[in-house]
1. Hey, can you tell me all the residues within region 152-187 that are surrounded by fewer than 18 Cβ atoms within 10 Å (Cβ to Cβ), free of Cβ contacts under 8 Å to residues at least 24 places away in the same chain and part of a helix (DSSP H, G or I)?
2. Hey, can you tell me all the residues within region 76-105 that are among the β-branched types (Val, Ile, Thr) and within 17 Å of the chain's Cα centre (by Cα)?
3. Does region 118-126 include one or more residues that are assigned to a helix (DSSP H, G or I), of a type in the set (A, V, I, L, M), in contact (Cβ under 8 Å) with a residue 24 or more places away in the chain and within 30 Å of Lys185 (Cα to Cα)?
4. Select from region 24-78 the residues that are farther than 22 Å from Ser136 by Cβ, of a type in the set (S, T, N, Q) and modelled with pLDDT of 80 or more and list them in ascending order.
5. Among the residues of region 123-144, are any under 25 Å from Phe22 (Cβ atoms), charged (D, E, K, R) and surrounded by 15 or more Cβ atoms within 10 Å (Cβ to Cβ)?
6. Quick check, is Leu35 of a type outside the set (Asp, Glu) and closer than 20 Å to Tyr165 by Cα?
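The values are calculated or read from the model by the stated rules, or taken from the named source; none is laboratory data. All values derive from a computational prediction rather than experimental measurement. Cβ atoms come from the backbone with ideal geometry, glycine included; neighbour counts cover every protein chain shown.
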Amino acid sequence: MNNILTIPNLLTFMRMALIPVFASLLFYGYYGWALFVFFFAGVSDGIDGFVARRFNQQSELGTILDPIADKLLMTTAFIILTLPRILPADNKHFPVAFWVSAAVIGRDVLIVTVALAIFIMTDFRGFKPSNLGKASTVVQIFSIAIILFAAVVPHFSGYYLPTVYFIVTLFAVLSGLHYIYFVAKLMSEKKDEK
């Protein structure tokens with residue numbers, strides 16, 4: 001029980017609880033507050049990782065829940081930001097293009113499906129995020145923050161939003177392909193060890 005109620009796990013639970021709050025703020029057009037909640041969730045993510053390492057509070061539950069909380073927040077954000085009439089109508093780059101959200105969510109679906117299929121077929125559990133995958137997640141986080149900032153302060157957003165959309169999609173596609181290669185390599189190394 002003590003291994004479950006650690007500070008990092010409690011921060012992760014709080015971050016998951018903030019997802020419907022964030023979604024509601026976005027849906028009702030409170031972009032500034034949505035940006036604040038998103039920023040707060042991002043900071044809490046950094047703090048829980050620091051506390052877990054610094055005070056030796058890592059747990060198996062935290063290892064599973066932390067990336068799930070991140071993915072749920074990102075997926076929720078991209079789905080809502082793609083919906084029509086959520087973001088200000090006076091910006092021609094809103095809502096977020098469907099292909100951007102499809103690439104981000106499709107990458108995550110691909111990763112989960114491949115990992116699950118491999119686990120079922122081989123009982124292989126050595127899945128670790130690649131550096132490109134981590135970079136893609138960081139790009140997604142910054143892109144959501146930039147998109148929300150553009151909703152709050154719309155001036156000049158026409159210049160940078162198309163670039164943001166392109167970069168997010170590029171990282172999603174490349175990291176998805178790299179993940180398949182990365183897992184195949186890990187499995188091959190594991191096979192060679194036997």
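1. Of everything in region 152-187, those that are surrounded by fewer than 18 Cβ atoms within 10 Å (Cβ to Cβ), free of Cβ contacts under 8 Å to residues at least 24 places away in the same chain and part of a helix (DSSP H, G or I) turn out to be Tyr159, Tyr160, Thr163, Phe166, Leu170, Leu177, Tyr181, Ala184, Lys185.
2. Within region 76-105, Thr76, Ile79, Ile80, Thr82, Val96, Val100, Val104, Ile105 meet the criteria.
3. yes
4. Ser24, the sole residue that qualifies.
5. no
6. The answer is yes for Leu35.
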